[in-house]
1. Checking the conditions here, which among 91, 109 is within 15 Å of residue 37 (Cα to Cα) and among the hydrophobic types (A, V, I, L, M, F, W, C)?
2. Check 29, 90 and return the single one that is assigned by the TED database to the domain that holds residue 127, within 23 Å of residue 140 (Cα to Cα) and of a type in the set (Gly, Ala, Ser).
3. Do you know which of the residues in segment 57-83 that are among the charged types (D, E, K, R) and in contact (Cβ under 8 Å) with a residue 24 or more places away in the chain is farthest from residue 131 (Cα to Cα)?
4. Against the definition (touching a Lys or Arg at 6+ places or on another chain (Cβ under 8 Å) and on the phi < 0 side of the Ramachandran plot), how does residue 131 come out, yes or no?
5. Out of curiosity, is residue 240 modelled with pLDDT under 95, surrounded by 15 or more Cβ atoms within 10 Å (Cβ to Cβ) and assigned to a strand (DSSP E or B)?
6. Just for strands (runs of 3 or more DSSP E) wholly inside segment 57-170: which have at least 2 residues that are within 15 Å of residue 15 (Cβ to Cβ) and open to solvent by 20 Å² or more (accessible area, probe 1.4 Å)?
7. Within segment 268-277, can you find the residues that are closer than 9 Å to residue 256 by Cβ, under 35 Å from the mean Cα position of the chain (by Cα) and not acidic (Asp, Glu)?
8. Where residues in segment 169-185 are small (Gly, Ala, Ser) and under 16 Å from residue 131 (Cα atoms), which of them is nearest to the chain's Cα centre (by Cα)?
Amino acid sequence: MSIRFDGKVAIVTGAGAGLGRAHALLLASRGAKVVVNDPGGSLDGQGANAFVADQVVEEIRAAGGEAVANYASVADRAGAASIVQTALNSFGGIHIVLNNAGILRDKSFRKMPLEDFELVMQVHFMGTVYVTHAAWPHLLDQSYGRVVLTSSASGLANSFGQSNYASAKAAMLGLMNCLKNEGSRSNVKVNMVAPVATTRMTEGVIAARQAELSKPERVSPAVAWLCSEACDVSGVTVVAGAGYYGRAQMMKGSGAVIRPGETATIEEFAETLPEVMSLDRVEPFNSTLSPQVRELLGIEQR
């Protein structure tokens, strides 16, 4: 089955280079009308250059596709709203919101100015919130939409010197888990990708051989599927890079129940640590409480 996007309008933020550019080109090649958003700033979020977005628009048009540029910063509420408005004004609708924009300001937590922490959170996380929030009513009202958030192993697993970036990327998980429920009745699917790719963000980090294997284009097929009508899942995290694709899921162990209905002592908790910390029997983390405790409290399992 061929997957196409004819008649669909897609917003791709941070589409001037790297992953965003690869995503935008692939969607456009399959028929999507694309809003290429990128202010064209430096890796740390300074400056602006309209050429960055314009160049991708020209690539799409030269290949026979349709695209327009938007140069707003997702970190600004009005700017984020203007991205959605560009889609409405240029193409008459919006069906796909692909949140990809980001910057880096890496430092160890001790040395990191709070301004750097706040700005990275503002661009990555609040930028995703602002753009998605502006598009959300349109998606719900038309009973169709595909939203993709961009996370990272830095937030879902571990990293060093990226407490700001990792925090923003981990926050995507909570946003996705809520929006998947709010969009479920309106056929609005919200999913997340955790990519590994050679971009200016990973320059000098990924070795030469890995860099060749980890081209951004190798992430885009997974992202494009999540943007498509064929996508029949919501609340899913796909990890992608160097030709590998898989699903990531937060899990919890079976744990221990200590005298339900009463308060355990510190010592009792300490005595059960082997069970508490064990991951021998894991299940998807859909609830903090165990089935036994949920039954005791009269809470239905969702």
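The values are calculated or read from the model by the stated rules, or taken from the named source; none is laboratory data. Not measured: the values here are computed from a predicted model. In this analysis, Cβ positions are derived from the backbone assuming ideal geometry, glycine residues included, and neighbour counts consider all displayed protein chains. Heads up: the accessible areas ignore ligands, DNA and RNA and are worked out on the full protein's heavy atoms, side chains in. Shrake-Rupley method; radii C 1.70, N 1.55, O 1.52, S 1.80 Å.
1. 91
2. Among 29, 90, only 90 is assigned by the TED database to the domain that holds residue 127, within 23 Å of residue 140 (Cα to Cα) and of a type in the set (Gly, Ala, Ser).
3. Looking at residues that are among the charged types (D, E, K, R) and in contact (Cβ under 8 Å) with a residue 24 or more places away in the chain, I get 59.
4. no
5. Considered against the rule, which asks whether it is modelled with pLDDT under 95, surrounded by 15 or more Cβ atoms within 10 Å (Cβ to Cβ) and assigned to a strand (DSSP E or B), residue 240 comes out as yes.
6. 66-70
7. 273, 274, 276 - these are the residues of segment 268-277 that are closer than 9 Å to residue 256 by Cβ, under 35 Å from the mean Cα position of the chain (by Cα) and not acidic (Asp, Glu).
8. The selected residue is 171.
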